[in-house]
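Engineer: Have a look at the structure that comes next, please.
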Amino acid sequence: MKRCITIGIIIVICFLLQCTVFHYIELAGVVPNLLLIVTMSFGLMRGRREGLLVGFFSGLLIDIFFGSVLGPYAFIYMTLGYGNGFFHRIYYVEDVLLPMIMISLNDFIYNIIIYVVFFLMRNRLDFLGYLKDVMLPEMIYTILITLFFYKILVRINLRLKRVKEAEQL
């Protein structure tokens with residue numbers, strides 16, 4: 001129960017930071033995708049189920065507050081979180097390379113899906129413009145923030161594991 005509440009608080013805090021504070025420190029007109037970092041992190045650290053649930057609730061928040069239809073962002077984040085869970089078996093806490101590769105890949109896939117669903121289907125075909133103006137700056141900014149933010153999430157996850165082990169004794 002404590003784990004669910006803690007993860008819920010993390011999702012809400014990251015959503016609020018992404019939507020408010022980071023808009024004041026935009027780089028190249030983009031903000032880092034903190035909810036994608038959280039989804040990727042919990043998928044790697046806790047497995048497919050946890051990645052799926054964290055992704056679903058992260059995407060649902062975006063759908064509720066910014067989407068015109070309920071579900072597309074929830075499905076995208078949920079799918080990415082589930083996919084990250086497959087790498088749970090090769091994940092090590094000390095490893096920073098795997099999370100950096102995964103967040104790069106996740107952000108790229110996320111932006112490709114957003115482009116196809118929200119731009120390409122509306123006959124906006126300027127992919128190269130979208131790539132250089134949105135995708136690359138967001139990927140770089142998200143990767144830089146991941147270096148700092150991921151360590152915080154790892155510490156929280158380790159503390160949650162210790163609490164769970166203490167409760168089982």
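The values are calculated or read from the model by the stated rules, or taken from the named source; none is laboratory data. What you see is a predicted model, and the numbers here were worked out from it, not measured in a lab. Cβ placement follows ideal geometry from the backbone for every residue including glycine, while neighbour counts extend to all protein chains displayed. Side chains are part of the model used for accessible areas, which takes the heavy atoms of the whole protein and leaves out ligands, DNA and RNA. Shrake-Rupley method; radii C 1.70, N 1.55, O 1.52, S 1.80 Å.
Engineer: Which chymotrypsin sites (Phe, Trp or Tyr not before Pro) does segment 29-108 hold that lie in a coil by DSSP with at most 14 other beta carbons within 10 Å?
Structural biologist: Y92
Engineer: Same structure again: Pop out the carbon and sulfur fraction of the accessible area of the chain as a percent, whole number, probe 1.4 Å.
Structural biologist: Of the solvent-accessible surface of the chain, carbon and sulfur hold 70 percent.
Engineer: Could you please state, rounded to a whole Å, how far the C-alpha centre of segment 1-36 is from the C-alpha centre of segment 91-169?
Structural biologist: Taking the Cα centre of each part, segment 1-36 and segment 91-169 sit 12 Å apart.
Engineer: Still on this structure, I have one more. Give the residue from V93, L27, I113 lying farthest towards the positive end of the charge dipole for the chain; charges sit on Cβ (+1 for Lys and Arg, -1 for Asp and Glu) and the dipole is referred to the Cα centre.
Structural biologist: Of the listed residues, the answer is V93.
Engineer: Moving on to the next point. Starting from the Cα of K2, draw a straight line to each of the aspartates and glutamates and keep only those under 15 Å, dropping any in the same chain fewer than 8 residues away.
Structural biologist: Excluding near neighbours in sequence, the set is E50, E165, E167.
Engineer: Okay, next question. Would you mind computing, in nm to one decimal, how far apart the modelled labels at V21 and R162 are, each placed 7 Å from Cα along Cα→Cβ?
Structural biologist: Calculated label separation equals 2.3 nm.
Engineer: A further question on this structure: How large is the accessible surface per residue of segment 17-169, computed with a 1.4 Å probe and reported in Å² as a whole number? Each step should come with its number before you reach the end.
Structural biologist: Details: 8730 Å² over 153 residues.
Solvent-accessible surface per residue comes out at 57 Å².
Engineer: How large is the helix-only mean residue ellipticity at 222 nm for the chain, computed as the sum of -39500 (n - 2.57) over DSSP H runs with n ≥ 4, divided by its residue count, in deg cm²/dmol to the nearest 500? Can you show the working numbers first?
Structural biologist: Values: 7 runs with 119 residues, N = 169.
Calculated from helices alone, the mean residue ellipticity at 222 nm is -23500 deg cm²/dmol.
Engineer: How big is the accessible area of K132 in square angstrom, nearest 10, if you roll a 1.4 angstrom probe over the protein chains?
Structural biologist: 130
Engineer: Also, quick follow-up: With θ taken as phi - 60° and the coefficients 6.51, -1.76 and 1.60, list the Karplus ³J(HN,Hα) couplings across segment 115-123 in order, rounded to whole Hz; mark glycine and proline as x.
Structural biologist: 4, 5, 6, 9, 10, 4, 6, 9, 6
Engineer: Based on Cβ point charges of +1 for Lys and Arg and -1 for Asp and Glu, what charge dipole magnitude is obtained for the chain about its Cα centre, in debye rounded to the nearest 20?
Structural biologist: Taking the Cα centre of the chain as origin, the dipole is about 580 debye.
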